[in-house]
Structure formats: structure tokens, C-alpha cells
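Everything on this sheet refers to the single structure shown next.
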């Protein structure tokens, strides 16, 4: 049986310096003091962590919080796979930003390009400036930049409580929805062929 040594994360008089132990439910630890000694039970309120002292061979599956290093590795592996599958390796990113006289952000957009496709990741405009048409101007600037980079199509998604209608007014068409967004909403996937969309000179 795999042995574990209990490590206290909160102060407690329980001394487990040399005793193999097993963590039980309900805040009770049974500590085996060795041959000839009875098993003692200790109840406590401190937080315990089970530290493995016996390492088994073979793969290990671990569930945890966000892992930046893992994300970076997964991204690199998927990009490599996608590049081989599509034959397109020309990935890049760009942004559009608008600031006011004080240097504060009015709005902006973040996007990527890959194999003639532009993907809009983020688009936001400060609430009191939305009436001035900045959303449309930012989107049109992004489409112009996408064309400059050799893209002829754009994809984006927007929650139903965000701005799918905004994109549709600019020539985008819905291609599908992902259900289950909190509050009974959906994630609307939208697409536009730049050659047949609005011209950059047109007003928002």
C-alpha cells in the first residue's frame, strides 16, 4: 500500500515526524506508531496535505489551476499540427486602438491572421463613446488591415447579449451558435467575405 506522510499547513501539536500515516475523512488522522504500539486517532481543525513518499512508475494525471507553461506548450503543439494539416504557417496578430486627448482608451480591437483568414478576438468601445460610431470605425480599420495582410475573409463570435447585430449591420452573417452561455445566452459565430462586404469608406 502506498504510504503517505502528512504535512501540516496549520499549527497543530500532532507529531508525525517519523510515522507513516493515512489521511481519513472528517479531519481525523490515524497514525501508525509501528509494531507493538496501538494506532492513535487525532482530531484536529488544521488543514492537512498528503505528500506522497512512494513514487510509482508510469504516466501521472494531474488536475490543477491555470498552468501558463502548459498552455504555451499546448499552443505550440497545436500550431505545429495545424500548420502541417493546412499548409499555412503565416500566422500573425495585429491591433487597432483609439485614445482620447488625455491618452485614455476609447476603444480597441485585437485580431489574428492565418492563411487568408482574419479572426477578431476582442473588440470593445467605451460606453459613452459608442454613440459616436467608434465601433464601426474600428471594425472597418481592422478589415482594411486584414486586406493589407492578404486576408479575404473575417470570422468573429459574439454573445447574444453583446453585439451580433452590430456585426450583421456591417455585412457579417451568422454561421452557427454555441448554446449554454450563462443566463440562457448563446455564442453567435459570424463570418464575412471581405470582397463582398462594406467598403472601408462607408460610414458606421
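The values are calculated or read from the model by the stated rules, or taken from the named source; none is laboratory data. Treat the numbers as computed from the prediction; the structure is a model and nothing was measured. In this analysis, Cβ positions are derived from the backbone assuming ideal geometry, glycine residues included, and neighbour counts consider all displayed protein chains.
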Exercise for the section: State yes or no: is residue 120 under 22 Å from the mean Cα position of the chain (by Cα) and not in a strand (DSSP E or B)? Expected result: no
Completion exercise
Given the conditions (1) free of Cβ contacts under 8 Å to residues at least 12 places away in the same chain; (2) assigned by TED's automatic domain parsing to the domain that holds residue 178; (3) surrounded by 13 or more Cβ atoms within 10 Å (Cβ to Cβ), every one holds for residue 115 apart from (1)
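Can you tell me which residues in region 92-103 are in contact with a helix residue (DSSP H, G or I) (Cβ under 7 Å, 6 or more places away or on another chain) and under 16 Å from residue 114 (Cβ atoms)?
Just the residues of region 92-103 that are in contact with a helix residue (DSSP H, G or I) (Cβ under 7 Å, 6 or more places away or on another chain), to begin with: 94, 96, 98.
Residue satisfying the conditions is 94 alone.
This table checks each residue for (1) in a strand (DSSP E or B); (2) closer than 20 Å to residue 114 by Cβ.
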residue: 162; (1), (2): no, no
residue: 176; (1), (2): yes, yes
residue: 180; (1), (2): yes, no
residue: 183; (1), (2): no, no
residue: 186; (1), (2): yes, no
residue: 190; (1), (2): yes, yes
Handout entry: Residue that is surrounded by the fewest Cβ atoms within 10 Å (Cβ to Cβ), among those in region 91-110 that are touching a residue at least 40 places away in the same chain (Cβ under 8 Å) and within 23 Å of residue 193 (Cβ to Cβ)
Key = 92
Practice task
Scan region 141-158 for residues that are within 27 Å of the chain's Cα centre (by Cα), over 15 Å from residue 190 (Cβ atoms) and in a helix (DSSP H, G or I) and jot them down.
Solution key: 141, 145
